[in-house]
Amino acid sequence: MPRLLRSAFPLKSVLSGLLLVVACAASCKRDGGTRAAAADPASATAVQSQLTVLRDSADAKWRTMVASDDQKIGLTRLLLRELAQQPGFDKARLEALGTANARLKARRYTQTALPSAQIDAYDAAQDSLLHVLLPLAAPGGAAPTDNARNFVEGLQQLDAGVVGYRVQYDRAAKQYNTYLALHQADVAHFGGKYPVPQPLPLFTIQ
(Lines give C-alpha, C1' and ligand atoms only; values in the text may rest on other atoms or scores of the structure.)
Protein backbone atom coordinates (compact mmCIF):
# COMPACT_ATOMS: atom_id res chain seq x y z
CA MET A 1 0.00 0.00 0.00
CA PRO A 2 2.72 2.56 0.72
CA ARG A 3 4.12 2.07 -2.77
CA LEU A 4 0.69 2.68 -4.35
CA LEU A 5 0.28 5.88 -2.40
CA ARG A 6 3.71 7.18 -3.51
CA SER A 7 2.89 6.35 -7.13
CA ALA A 8 -0.43 8.23 -6.83
CA PHE A 9 1.45 11.48 -5.99
CA PRO A 10 4.38 11.87 -8.38
CA LEU A 11 7.57 13.12 -6.73
CA LYS A 12 7.98 15.97 -9.24
CA SER A 13 4.56 17.41 -8.39
CA VAL A 14 5.26 17.20 -4.68
CA LEU A 15 8.56 19.03 -5.04
CA SER A 16 7.00 21.69 -7.23
CA GLY A 17 4.30 22.30 -4.67
CA LEU A 18 6.81 22.56 -1.83
CA LEU A 19 8.93 25.08 -3.76
CA LEU A 20 5.85 27.20 -4.47
CA VAL A 21 4.91 27.23 -0.79
CA VAL A 22 8.45 28.18 0.26
CA ALA A 23 8.63 30.95 -2.33
CA CYS A 24 5.31 32.41 -1.22
CA ALA A 25 6.34 32.26 2.40
CA ALA A 26 9.63 34.04 1.70
CA SER A 27 7.90 36.73 -0.34
CA CYS A 28 5.28 37.33 2.30
CA LYS A 29 8.00 37.50 4.96
CA ARG A 30 9.95 40.09 2.98
CA ASP A 31 6.88 42.21 2.29
CA GLY A 32 5.69 41.97 5.84
CA GLY A 33 9.19 42.74 7.16
CA THR A 34 9.44 45.84 5.00
CA ARG A 35 6.08 47.13 6.16
CA ALA A 36 6.94 46.34 9.76
CA ALA A 37 10.27 48.15 9.53
CA ALA A 38 8.61 51.20 8.02
CA ALA A 39 6.13 51.41 10.86
CA ASP A 40 8.33 50.02 13.63
CA PRO A 41 8.30 52.52 16.51
CA ALA A 42 11.48 50.94 17.89
CA SER A 43 13.28 51.80 14.66
CA ALA A 44 12.08 55.40 14.82
CA THR A 45 13.20 55.59 18.44
CA ALA A 46 16.66 54.31 17.52
CA VAL A 47 17.00 56.89 14.74
CA GLN A 48 15.82 59.68 17.02
CA SER A 49 18.26 58.54 19.71
CA GLN A 50 21.21 58.63 17.33
CA LEU A 51 20.13 62.02 15.97
CA THR A 52 20.03 63.31 19.54
CA VAL A 53 23.57 62.06 20.20
CA LEU A 54 24.90 63.68 17.02
CA ARG A 55 23.01 66.92 17.66
CA ASP A 56 24.32 67.08 21.23
CA SER A 57 27.85 66.71 19.89
CA ALA A 58 27.35 69.58 17.42
CA ASP A 59 25.73 71.73 20.12
CA ALA A 60 28.67 71.10 22.46
CA LYS A 61 31.13 72.22 19.77
CA TRP A 62 29.03 75.33 19.17
CA ARG A 63 28.95 76.22 22.88
CA THR A 64 32.73 75.81 23.13
CA MET A 65 33.22 78.10 20.15
CA VAL A 66 30.86 80.75 21.49
CA ALA A 67 32.45 80.56 24.94
CA SER A 68 35.83 81.26 23.36
CA ASP A 69 34.41 84.24 21.49
CA ASP A 70 32.75 85.52 24.67
CA GLN A 71 36.11 85.24 26.40
CA LYS A 72 37.72 87.26 23.63
CA ILE A 73 35.11 89.99 24.02
CA GLY A 74 35.63 89.92 27.79
CA LEU A 75 39.43 90.16 27.49
CA THR A 76 39.05 93.08 25.09
CA ARG A 77 36.92 94.86 27.68
CA LEU A 78 39.53 94.20 30.40
CA LEU A 79 42.35 95.41 28.18
CA LEU A 80 40.52 98.63 27.38
CA ARG A 81 39.88 99.18 31.08
CA GLU A 82 43.54 98.56 31.86
CA LEU A 83 44.70 101.02 29.20
CA ALA A 84 42.22 103.67 30.38
CA GLN A 85 44.01 103.66 33.75
CA GLN A 86 47.37 104.42 32.14
CA PRO A 87 48.62 107.88 31.23
CA GLY A 88 49.14 108.85 27.62
CA PHE A 89 46.15 107.02 26.06
CA ASP A 90 43.36 108.74 24.18
CA LYS A 91 40.37 108.14 26.45
CA ALA A 92 37.83 109.04 23.76
CA ARG A 93 39.39 106.54 21.37
CA LEU A 94 39.35 103.84 24.02
CA GLU A 95 35.68 104.54 24.73
CA ALA A 96 34.84 104.26 21.04
CA LEU A 97 36.61 100.90 20.90
CA GLY A 98 34.73 99.81 24.02
CA THR A 99 31.40 100.71 22.41
CA ALA A 100 32.28 98.70 19.30
CA ASN A 101 33.29 95.75 21.46
CA ALA A 102 30.05 95.89 23.47
CA ARG A 103 28.00 95.69 20.27
CA LEU A 104 29.65 92.52 19.00
CA LYS A 105 27.43 89.96 20.73
CA ALA A 106 24.29 91.52 19.26
CA ARG A 107 25.83 91.29 15.80
CA ARG A 108 27.05 87.71 16.15
CA TYR A 109 25.63 84.92 13.99
CA THR A 110 23.52 82.16 15.55
CA GLN A 111 23.52 78.38 15.21
CA THR A 112 20.19 78.45 13.39
CA ALA A 113 21.33 81.05 10.87
CA LEU A 114 24.79 81.25 9.34
CA PRO A 115 24.51 83.50 6.30
CA SER A 116 27.97 84.14 4.91
CA ALA A 117 27.33 87.89 4.75
CA GLN A 118 26.62 88.03 8.50
CA ILE A 119 29.68 85.92 9.31
CA ASP A 120 31.87 88.17 7.17
CA ALA A 121 30.41 91.32 8.74
CA TYR A 122 30.99 90.00 12.26
CA ASP A 123 34.54 88.93 11.51
CA ALA A 124 35.28 92.28 9.89
CA ALA A 125 33.93 94.19 12.90
CA GLN A 126 35.93 92.17 15.39
CA ASP A 127 39.10 92.09 13.28
CA SER A 128 39.06 95.84 12.71
CA LEU A 129 38.68 96.37 16.46
CA LEU A 130 41.62 94.12 17.33
CA HIS A 131 43.79 95.49 14.53
CA VAL A 132 43.48 98.91 16.13
CA LEU A 133 43.60 97.85 19.76
CA LEU A 134 46.49 95.37 19.87
CA PRO A 135 49.15 97.66 18.36
CA LEU A 136 47.79 100.46 20.53
CA ALA A 137 48.07 98.35 23.68
CA ALA A 138 51.49 96.89 22.91
CA PRO A 139 53.38 99.03 20.39
CA GLY A 140 56.38 97.08 19.21
CA GLY A 141 55.31 94.28 21.55
CA ALA A 142 55.85 96.40 24.67
CA ALA A 143 52.69 96.66 26.78
CA PRO A 144 52.52 99.32 29.51
CA THR A 145 51.68 96.78 32.27
CA ASP A 146 51.93 93.07 32.93
CA ASN A 147 48.15 92.80 32.87
CA ALA A 148 47.96 94.52 29.50
CA ARG A 149 50.61 92.18 28.11
CA ASN A 150 48.74 89.12 29.40
CA PHE A 151 45.49 90.40 27.91
CA VAL A 152 47.13 91.02 24.55
CA GLU A 153 48.69 87.55 24.47
CA GLY A 154 45.37 85.99 25.48
CA LEU A 155 43.55 87.82 22.71
CA GLN A 156 46.11 86.71 20.15
CA GLN A 157 45.73 83.06 21.22
CA LEU A 158 41.93 83.20 21.17
CA ASP A 159 41.90 84.91 17.79
CA ALA A 160 44.18 82.23 16.35
CA GLY A 161 41.76 79.51 17.50
CA VAL A 162 38.65 80.82 15.72
CA VAL A 163 39.12 78.78 12.53
CA GLY A 164 39.81 75.59 14.47
CA TYR A 165 36.61 75.90 16.50
CA ARG A 166 34.58 76.47 13.35
CA VAL A 167 36.13 73.44 11.67
CA GLN A 168 35.29 71.27 14.69
CA TYR A 169 31.70 72.49 14.71
CA ASP A 170 31.30 71.95 10.96
CA ARG A 171 32.65 68.40 11.27
CA ALA A 172 30.10 67.53 13.97
CA ALA A 173 27.26 69.28 12.11
CA LYS A 174 28.10 67.43 8.89
CA GLN A 175 27.91 64.09 10.73
CA TYR A 176 24.46 65.03 11.97
CA ASN A 177 23.33 66.20 8.53
CA THR A 178 24.67 63.07 6.83
CA TYR A 179 22.87 60.75 9.24
CA LEU A 180 19.68 62.78 8.88
CA ALA A 181 19.86 62.55 5.08
CA LEU A 182 20.41 58.79 5.20
CA HIS A 183 17.36 58.28 7.41
CA GLN A 184 14.84 60.59 5.79
CA ALA A 185 12.46 57.66 5.34
CA ASP A 186 12.58 56.91 9.07
CA VAL A 187 12.22 60.57 9.97
CA ALA A 188 9.09 60.75 7.81
CA HIS A 189 7.45 58.21 10.17
CA PHE A 190 8.18 60.24 13.33
CA GLY A 191 4.72 61.80 13.20
CA GLY A 192 3.86 63.92 16.20
CA LYS A 193 5.99 61.95 18.63
CA TYR A 194 9.23 63.74 17.71
CA PRO A 195 9.92 67.21 16.34
CA VAL A 196 10.86 67.20 12.67
CA PRO A 197 14.68 67.55 12.60
CA GLN A 198 16.28 69.97 10.19
CA PRO A 199 19.83 70.05 8.78
CA LEU A 200 22.27 72.26 10.65
CA PRO A 201 23.76 75.26 8.83
CA LEU A 202 27.53 75.24 8.33
CA PHE A 203 30.32 77.76 8.22
CA THR A 204 31.60 76.03 5.10
CA ILE A 205 29.97 77.47 1.99
CA GLN A 206 27.91 74.69 0.40
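The values are calculated or read from the model by the stated rules, or taken from the named source; none is laboratory data. This structure is a prediction, so every number in the text was calculated from the model and none was measured. The accessibility values were calculated without ligands, DNA or RNA, using every heavy atom of the protein model including side chains. Shrake-Rupley method; radii C 1.70, N 1.55, O 1.52, S 1.80 Å.
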Computed over all unlike Cα pairs, the Kirkwood hydrodynamic radius of the stretch 61-193 in Å stands at 17.0
Probe 1.4 Å, heavy atoms of protein chains only: per residue, the accessible area of the stretch 134-206 in Å² is 60
Once all protein chains are kept in place, S128 shows an accessible area at probe 1.4 Å, nearest 10 Å², of 60
Rounded to the nearest 10 Å², the accessible area of Y109 using a 1.4 Å probe with every protein chain kept is 20
Rounded to a whole %, the carbon-and-sulfur portion of the accessible area of the stretch 54-206 at a 1.4 Å probe is 54
Whole-Hz Karplus couplings 3J(HN,Hα) for the stretch 128-139, θ = phi - 60° and coefficients 6.51, -1.76, 1.60, Gly and Pro as x, run 5, 5, 5, 5, 8, 6, 5, x, 5, 6, 9, x
Taking the stretch 146-186, the whole-percent share of alpha-carbon pairs separated by over 13 angstrom is 65
